[in-house]
Amino acid sequence: MPERQTLAAEPRTVLGKKVRRLRREGVIPANLVQAGHPSIAMQVSERELADLVRVQATGQLVDLESPDATEPVLMDSVDIDTLTNRLVHVTLRKVDLTRPIDVMVRVSLEGHAPASDNAELLVLQHLQEVEVSALPAEIPSSLIGDVSGLVDIGDEVCVSDLRSADGTYEAVDDPDVIVVQVTAARAIEEEEEEEDLEEVLLEEGAEPTDEAPEAADGASEQPATGA
């Protein structure tokens with residue numbers, strides 16, 4: 001079972017754009033969400049949250065310590081400002097510990113791929129994360145892919161080849177989906193040349209066909225009255 005981290009939280013009364021003041025004081029706004037219930041506004045220490053992000057606790061169960069109680073919650077998502085690399089917001093989720101949930105788990109590569117020693121070959125990791133189903137307390141901290149058998153073109157590691165660093169899970173993604181693959185370096189160069197040509201054509205007036213995705217609706221929040 002993965003080691004469980006802790007995170008201290010307090011009720012938050014500062015809402016909306018005023019939360020910028022909290023961030024300047026080293027406090028990060030948080031929301032505790034639960035299906036069928038209003039979101040609860042909370043706040044956490046930027047330093048404590050940063051420590052959890054560094055140990056890759058996102059998507060893991062953590063013990064939330066509030067003034068009223070300590071309870072296990074899922075550290076659902078963390079928003080980071082891409083320009084400043086500073087933490088912006090964290091979403092915590094109450095979950096039923098007796099029911100499996102679907103979460104994304106990072107993939108860690110293990111071993112040395114002999115193909116990486118060949119200048120004409122490339123070892124490409126196609127998936128950084130894999131979706132799994134697991135009980136909240138059994139969510140793996142990572143999924144391990146052994147690349148020591150990757151020698152020649154076409155050798156690959158699929159979802160079904162991954163193993164859990166800890167915990168127990170079932171893969172939601174197709175077991176035959178490729179996670180890591182050996183390919184020819186020349187093929188990658190040709191793909192990059194084709195992409196560069198497409199960019200030039202677009203700059204000359206060709207219209208892209210893909211439609212922009214619709215923006216997601218923001219979730220409402222309520223001041224915390226206790227977790």
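Within segment 39-65, residues that are within 19 Å of GLU10 (Cβ to Cβ) and touching a residue at least 60 places away in the same chain (Cβ under 8 Å) reach partners that are open to solvent by 20 Å² or more (accessible area, probe 1.4 Å) and outside any strand (DSSP E or B) with beta carbons closer than 7 Å, at six or more positions or on different chains, in the pairs SER39/ALA219; SER39/SER220; SER39/GLU221; ILE40/ALA227; ALA41/LEU15; ALA41/GLU221; ALA41/PRO223; LEU64/ALA227. Under the condition of being of a type in the set (D, E, K, R) and open to solvent by 80 Å² or more (accessible area, probe 1.4 Å), the residues counted in segment 66-89 number 2. Is there a residue in segment 50-64 that is out of contact with any strand residue (DSSP E or B) (no Cβ under 9 Å at 6 or more places or on another chain), in a loop (DSSP other than H, G, I, E, B) and of a type in the set (A, V, I, L, M)? No, every residue in segment 50-64 fails to be out of contact with any strand residue (DSSP E or B) (no Cβ under 9 Å at 6 or more places or on another chain), in a loop (DSSP other than H, G, I, E, B) and of a type in the set (A, V, I, L, M). Of the strands (runs of 3 or more DSSP E) lying entirely inside segment 94-196, those containing at least 2 residues that are under 18 Å from the mean Cα position of the chain (by Cα) span 101-110, 129-134, 143-146.
From the list GLU120, GLU138, the lone residue that is within 22 Å of LEU49 (Cα to Cα), at pLDDT below 95 and not basic (Lys, Arg) is GLU138. Do we find a residue being of a type outside the set (Lys, Arg), out of contact with any strand residue (DSSP E or B) (no Cβ under 9 Å at 6 or more places or on another chain) and touching a residue at least 24 places away in the same chain (Cβ under 8 Å) anywhere in segment 101-112? Scanning segment 101-112, I find at least one residue that is of a type outside the set (Lys, Arg), out of contact with any strand residue (DSSP E or B) (no Cβ under 9 Å at 6 or more places or on another chain) and touching a residue at least 24 places away in the same chain (Cβ under 8 Å), so the answer is yes.
GLY36 meets the conditions (1) surrounded by 19 or more Cβ atoms within 10 Å (Cβ to Cβ); (2) free of Cβ contacts under 8 Å to residues at least 12 places away in the same chain in every case but one. The failed one is (1).
Scanning segment 160-177 for residues that are touching a residue at least 24 places away in the same chain (Cβ under 8 Å) and within 14 Å of GLY149 (Cβ to Cβ) gives a single hit, LEU162.
The values are calculated or read from the model by the stated rules, or taken from the named source; none is laboratory data. A quick note: this is a predicted structure, and the numbers were derived from the prediction, not measured. A quick note on method: Cβ atoms are made from the backbone with ideal geometry, for glycine too, and the neighbour counts reach across all protein chains shown. Only protein heavy atoms, including side chains, enter the accessible area calculation; ligands, DNA and RNA are left aside. Shrake-Rupley method; radii C 1.70, N 1.55, O 1.52, S 1.80 Å.
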